[in-house]
Amino acid sequence: MTGSTVPVLALLGVSKSYGAARALVDVDLQVHAHEVVAVIGDNGAGKSTLVGALTGALVPDEGEVLVDGSPVTLSDPSVARGLGIAAVFQDLALCANLDVVENLYLGHEAQRGPLLDEVTMEKHAWELLNQLAARVPSVRVPVAALSGGQRQAVAIARSLLGEPRVIVLDEPTAALGLRQTAEFLTLVERLRERGHGVLLTSHSLADVQAVADRIVVLRLGRTNGEFDAARTSYEELLAAVTGIQR
Amino acid sequence: MGNDRVTPGSQTSLREANRARIVSAVQQRGSLTQVELAGVTGLSPATVSNIVKELTSAGVLHTAPTSRSGRRAQQVTLARNLGLVAGMHFGTRSLRVALSDVAHRIVAEQRMPLPPDHRADQGLERAALLLTEMVDSVDAVLSEVLAVGVGVPAPVDVRTGQLSSLGMLRGWDGAAVPQLLGERLGLPVYIDNDANLGALAEVRLGAARGKQHVVYVRASHGVGGGLVLGGEVFHGRVGAAGEIGHTTIDDQGPICRCGNRGCLEMYVGAPVLLDMLRPSHGNLTLRDVIARAEAGDAGCRRVIADAGHHLGVAAAGVCNLFDPELLVVGGELADAGEMLLEPLRTALTQRTIPSTAGPVPVVGAELGAAAEVRGALAVALDTVTIAGAGAVVV
């Protein structure tokens, strides 16, 4: 963040309605490089819609999406990827029958002449997984044989291949055991160290407080407070999530 | 080990005492060669060789060929199938759990970031679940775990197992961890201050191996310390011995979380260092600061050097009182290496009595961030009685 105060990714006054249901109402949000921002909220608070608006999965009715301070139109996810915004969704979208390397390079395999350059791909796959301190037994096992946490590491490693600046993680710990959650949280710290901006949504306040720099609370589609994670108590966050007047 | 030296009456009891002495030496140090074992126990090499042979066939010890200084030697460890022990280290912002066999070999290790101001009930619940999952992952069951050692970043009265400080670790005041965790796991649980455990690990397995009088300083989120006197961790009245983080640096200084003014922690603790860099460098973590300092960032280097100076000033008082053989610096800040240790040595030398032996040597912790959890494992392992150690039929 040295010197640059322009957020890599920002939302400005974004609203989105599904008929009468107002999923997002005038939401502002900023993600800087080298920062972990968590979005928390109850069911139906608008977290998934927010992720959709950030990753190009849906276009907001009102408001602007800014990348490096200039407005962009994220008409679909490939546009967002082109601008350096990668997303990992809850279902991970991995092919269970393919091995780790094949999953990482599916659709953009490295080639040497007419052949696949397996050596380069395998080396790079190990490099990425080691940087994330991910413990995968082998990059040549089918993804089906990996644990939930390891699969998540593979999905995150795949999102890193295009060297994105912001990584958006939707409910990453929802389906994980505690040991895998521990590994995932360590992984988020690594992403931050690599200089990426990270935005994650979660239900678990304890997980969010453990890794986030800033916590944004959504309630019924509106921003109900933005907190410095290091100086905010569990009770304050809980009050903001549930809407208790203090 | 003091009472081991008492010579008992009969031949049989003498052999028994010697067997116990060898097992306890291996238990404490993890692995030793037979020659080193003779040195440590004071027994003759022939006696050591005989007893090791006996205990190996009884399934208590395990030997493997190795070499020392180019000569063939026998490496002696405890037999692996005797069980597992667990170690836990609650830091201010992270939890580390390790599982090892009785030969000090780590079979599983896991780190987990924790929220600020975590509470005892939630922290212990997470640690217990994490340990259960880790035991599962090595295809063992919880009943194979013989004991659990726990380290916390606050003074602990080791006789009652209660945290004896007030306000040092909010949410943990007065918590009786051995009972709380013991009930959940159904295992014996032992607790100590984390810096004391770090000191123990460095003396047994790390940078201070073989030393008798050692001061260990742990600089991380908070600042703690451990005193090893005569090879044993010194606890003091209620476990607050060695709490170097709360020695006063400046009477007019800022108010510390302990309620006093100008404590060392208010000059060296990670939140203070990060706050100093916030206006110019933005939001950083301690690891960022060290990485940037290594890359040559002047501001980060300055912050680390000043922290080293303050640590040296506080450590000088301890060194003047105890004249240790070695000062070991651990905790996350110690990853900064010489950037931290050089100014520390200078400040220390200027404030301690000049000695014919030179100034007290200062080194970084050899076990790094794992020192505390290794100490927790060692404490757990110390409580384990190895069946058959004293009762081998000759």
Could you give the nm distance between label points at residue B:382 and residue A:133, where each point is 7 Å from its Cα heading toward the beta carbon?
2.8 nm
Amide hydrogen neighbours beyond the local backbone of residue A:87, cut-off 5 Å, H modeled:
A:168
Percent relative contact order for region B:11-78, counting Cα pairs under 8 Å at least six residues apart, stands at 35 percent
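Taking 8 Å as the Cα distance limit and 6 or more residues as the minimum spacing, I'd like the relative contact order of chain B as a percentage. All intermediate terms of the calculation are to be shown ahead of the outcome.
Working: 783 pairs, mean separation 65.6, N = 394.
Dividing the mean separation by the residue count of chain B yields 17 percent.
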Placing each pseudo-label 7 Å from Cα in the direction of the beta carbon, residue B:346 and residue B:212 end up separated by a distance in nanometres of 3.5 nm
Of all DSSP beta bridges in chain B, antiparallel share, percent nearest 5:
65 percent
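Please work out whether chain A counts as rounded, prolate or oblate from its C-alpha gyration tensor, where a ≥ b ≥ c are the square roots of the eigenvalues and a/c under 1.5 means rounded, while otherwise a/b larger than b/c means prolate and anything else oblate? Write out the running numbers ahead of the final one.
Details: a/c = 1.91, a/b = 1.53, b/c = 1.25.
Here chain A falls in the prolate category.
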Testing the spin-label approximation: label points 7 Å from Cα along Cα→Cβ at residue B:49 and residue B:366. State their distance in nm.
2.8 nm
Give me the Debye-computed log₁₀ of I(q)/I(0) at q = 0.11, 0.12, 0.14, 0.16 Å⁻¹ for region B:209-365, equal point scatterers on Cα only, no solvent, two decimals.
-0.42, -0.50, -0.67, -0.87
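So for A:5, B:66, B:160, what's the accessible-area order with a 1.4 Å probe, most first? Please report the intermediate quantities before stating the final value.
Numbers: A:5 115, B:66 45, B:160 70 Å².
Listed by decreasing accessible area, they come as A:5, B:160, B:66.
Sequence gap at least 6, Cα distance under 8 Å: using those rules, report the relative contact order of region A:108-157 to the nearest whole percent. Spell out each step's value before the answer.
Details: 27 pairs, mean separation 14.7, N = 50.
Computed value for region A:108-157: 29 percent relative contact order.
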Placed amide H near residue B:191: partners under 5 Å, 5+ positions off or other chain
B:150
Under a 1.4 Å probe, counting only protein heavy atoms, residue B:191 has an accessible area in Å², nearest 10, of 10 Å²
Provide the percentage of antiparallel DSSP beta bridges, counting only those with both residues in the protein assembly as shown; round to the nearest 5.
60 percent
Nearest-10 value in Å² for the accessible area of residue B:323, using the 1.4 Å probe
110 Å²
Measuring from its Cα centre, the protein assembly as shown shows a charge dipole (+1 at each Lys and Arg Cβ, -1 at each Asp and Glu Cβ) which, in debye to the nearest 20, is 1600 debye
Over what distance in Å are the Cα centres of region A:102-157 and region B:297-360 separated?
45 Å
For residue A:123, list the lysines whose Cα falls under 27 Å from its own Cα; do not include residues on the same chain fewer than 8 positions away.
none
Averaged per residue, the 1.4 Å probe accessible area of the protein assembly as shown, protein heavy atoms only, in Å², is roughly 43 Å²
How large is the accessible surface of residue A:108 in square angstrom, using a 1.4 angstrom probe and rounding to the nearest 10?
100 Å²
Mean per-residue count of partner chain Cβ within 10 Å for A:172-184 equals 4
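With a 1.4 Å probe and all protein chains kept in place, how do B:232, B:202, B:183, A:118 rank by accessible area, largest first? List each step's numbers first, then the result.
On the way: B:232 110, B:202 0, B:183 155, A:118 75 Å².
Putting B:232, B:202, B:183, A:118 in descending order of accessible area: B:183, B:232, A:118, B:202.
Which trypsin sites (Lys or Arg not before Pro) does region B:74-111 hold that lie in a coil by DSSP with at most 16 other beta carbons within 10 Å? Please list the in-between numbers first.
Values: sites: B:80, B:93, B:96, B:105, B:111; in loops: B:93, B:105.
Sparse-neighbourhood loop trypsin sites (Lys or Arg not before Pro): B:105.
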Check cross-link reach from residue A:47 to the aspartates and glutamates: straight Cα distance under 14 Å, and skip same-chain residues fewer than eight apart.
A:26, A:28, A:170, A:171
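Please state, as a whole number in µm²/s, the translational diffusion coefficient that the Stokes-Einstein equation yields for the protein assembly as shown at 4 °C and 1.567 mPa s, with Rh defined as the Kirkwood radius across alpha carbon pairs. Could you put the intermediate results ahead of the total?
Numbers: Rh = 27.0 Å.
Calculated translational D: 48 µm²/s.
Take the Cβ-Cβ distance between residue A:235 and residue B:232 as r, set R0 to 56 Å, and report the resulting FRET efficiency rounded to the nearest 0.05. Please list the in-between numbers first.
Working: r = 42 Å, r/R0 = 0.76.
Calculated value: 0.85.
With the cut-off at 1.5 for a/c, could you classify chain B from its C-alpha gyration tensor as rounded, prolate or oblate?
Numbers: a/c = 1.98, a/b = 1.51, b/c = 1.31.
Verdict is prolate for chain B.
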Percent of beta bridges antiparallel (DSSP, chain A, rounded to nearest 5)
55 percent
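Over its Cα atoms, what ratio of radius of gyration to 2.2 N^0.38 Å does region B:11-78 give?
Values: Rg = 11.2 Å, N = 68, 2.2 N^0.38 = 10.9 Å.
Here the answer is 1.02, to two decimals.
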Within 10 Å of each Cβ of B:283-292, how many other protein chain Cβ atoms are there on average?
3
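The values are calculated or read from the model by the stated rules, or taken from the named source; none is laboratory data. Not measured: the values here are computed from a predicted model. Cβ coordinates were reconstructed from backbone atoms using ideal geometry, including for glycine residues, and neighbour counts include every protein chain displayed. Side chains are part of the model used for accessible areas, which takes the heavy atoms of the whole protein and leaves out ligands, DNA and RNA. Shrake-Rupley method; radii C 1.70, N 1.55, O 1.52, S 1.80 Å.
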